[in-house]
1. Looking at T440, T451, T445, T388, which one is assigned to a helix (DSSP H, G or I), in contact with a His (Cβ under 7 Å, 6 or more places away or on another chain) and surrounded by fewer than 24 Cβ atoms within 10 Å (Cβ to Cβ)?
2. Quick one: L42 ticks every box in (1) at pLDDT below 80; (2) crowded, with 20+ Cβ neighbours inside 10 Å except a single one, so which number is it?
3. What is the number of the single condition among (1) more than 21 Å from A46 (Cα to Cα); (2) modelled with pLDDT under 90 that V343 does not meet?
4. State all residues of segment 273-317 that are without any contact (Cβ under 8 Å) to a residue 60 or more places away in the chain, part of a helix (DSSP H, G or I) and among the aliphatic types (A, V, I, L, M); if no residue qualifies, say none.
5. If you go through segment 252-282 one residue at a time, how many are more than 24 Å from the chain's Cα centre (by Cα) and over 30 Å from T448 (Cα atoms)?
6. Which condition breaks for R352 when tested against (1) at positive phi; (2) part of a helix (DSSP H, G or I)?
7. Is there a residue in segment 247-265 that is touching a helix residue (DSSP H, G or I) at 6+ places or on another chain (Cβ under 7 Å), outside the structural domain of V431 (by TED's automatic domain parsing), within 22 Å of R97 (Cβ to Cβ) and free of Cβ contacts under 8 Å to residues at least 40 places away in the same chain?
8. From the residues in segment 55-93 that are at pLDDT below 75 and small (G, A, S), which one is nearest to G127 (Cα to Cα)?
Amino acid sequence: MSKKRPGGESLPSAPSTATGTSPDHEVPAATPAPDPKRWWALAVIALAQLMVILDGTVVNIALPSAQRALGMSDADRQWVITAYTLAFGGLLLLGGRIADLVGRRRTFVIGLAGFAAASALGGAATGPGMLFGARALQGAFAAVLAPSALSLLATTFTDPKERARAFGVYGALAGGGSAVGLIVGGLLTEYLNWRWSLYVNVPIALAALLGAPAFLRDRSGRRGGHLDVPGALLGCGGLVALVYGFSQAEPRGWSSPSVLTPLVAGGVLLTAFVWWQSRAASPLLPLRIVRDRVRAGSLATMGLATIGMFGVFLFLTYYLQVVLGYPPVRTGLAFVPISAGIVVGATQIAARLLPRTAPRTLMSSGMVLAAAGMVLLSSLTVHAQYVTHVLPALLLLGLGMGLTFMPVYATATAGVPAQDAGVASAVLNTVQQMGASLGTVLLNTIATSATGRYLHSHAPGPGADGETLDQGMVHGFSVAYRCSAGVLLIAALVAGLTVWHRTPKHAGNDAPA
């Protein structure tokens, strides 16, 4: 059956998860004609997605150089990362709802332009405060840009096969962009300087800005309505508090009041947010979006996957540089296989199978493959060889991530009412961001504790030699990798038990979520 948008356009209903047939008197509506510029639109959206994902890791490689150049203290350097994650993670829900209210193409362009300007400001920073402020602005504009990009993709592609291909590209960028960021960061830092890790966003954004007016089409039109201000304050405040608490757990410890206070405050604010959303006339996050079992299972799978996966880049970077002695560029290039695996898994396997395969099959298989890669990494030693020990694990991780992220993106955004596509995309991005923040802190805490116990038992004296220190570090990484494998297997189980009966076919309609 079909539903009507406010503008009167008739669109097909979302695939139903319940059994039964449509009433005989209802005639299925014709699917809207495909946008002839949809593949160019994908290119524009992909550029924006790549820029946001790259920024998550490209700055990490440049951070030591930036710290020396700006005279940044060790205590303050974390704010180069934290300022971005606080603004991005905390404002995603608000950014998604703004996109629904004022138009997603418009917010996409605003987000691109703002991100480019903030990147240029950060590249020209003359002191730590200027750089921190620029990073916060980057995060704020990314919170507008990311949900707009994903919702535009979801509403542009409605044909099952084309939709699978488009989300294959998006999933490949989402999963592989972090590894590419390490490569780009290493090259820019070594052959230019740290400022280019920020300046690099400007030409990418300009290219996307040139293409946006010509190729992007907001099929849902402008909804109008009112912004849920109390919901925005509660939801954004709760998310900011949680992200800040997670960011402080590593340097201060979980028992510190600086960690416990924001975590508790965040939990209280988000509880109040959920209560308010069930009563608000125009909620920031309509709860019907997350009540759908299939969508909730996809979100949970994404959260668990990012918790388990984000230790890879952090620990392997240290392992390759500190233990094996790789320079920055070689370290970045060492991550190419995981990017290649993600591209193959998302675009050549998942995208081809999704139109005729249950999403849970792909998600669960991907998480099992990724868990196997983590198990291989847990067997690394201080004398391991890259080709025989690291490379097979990276290929398995890449294939697993590609097989998982692509159907998660497609399934979590399928069947969402057109007027809620922006906030639904923001929820998915928020879950991914929160999982990354929590995973990094948890896994780093596990690795650090395991390293401390190893050194205490193997070098109980006043100090340890370099070999013992490296062995302790690798031991800590191995324990963290085994924990990551366990989390990924839980993700596989969650996907298998919850993501039933739906192969995504349509998005951007007014069917009940």
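The values are calculated or read from the model by the stated rules, or taken from the named source; none is laboratory data. Bear in mind the structure is a predicted one, so any value in this text is a computation, not a measurement. Cβ atoms come from the backbone with ideal geometry, glycine included; neighbour counts cover every protein chain shown.
1. Details: T440 fails: in contact with a His (Cβ under 7 Å, 6 or more places away or on another chain); T445 fails: in contact with a His (Cβ under 7 Å, 6 or more places away or on another chain); T388 fails: in contact with a His (Cβ under 7 Å, 6 or more places away or on another chain).
Of the residues listed, the single one that is assigned to a helix (DSSP H, G or I), in contact with a His (Cβ under 7 Å, 6 or more places away or on another chain) and surrounded by fewer than 24 Cβ atoms within 10 Å (Cβ to Cβ) is T451.
2. Looking at each condition in turn, L42 falls short on (1).
3. Among (1) more than 21 Å from A46 (Cα to Cα); (2) modelled with pLDDT under 90, V343 violates only (1).
4. Selection gives V274 alone.
5. Adding up the residues that qualify gives 9.
6. It fails just one condition, (1).
7. For segment 247-265, residues touching a helix residue (DSSP H, G or I) at 6+ places or on another chain (Cβ under 7 Å), outside the structural domain of V431 (by TED's automatic domain parsing), within 22 Å of R97 (Cβ to Cβ) and free of Cβ contacts under 8 Å to residues at least 40 places away in the same chain: absent.
8. Within segment 55-93, the match that is nearest to G127 (Cα to Cα) is A75.
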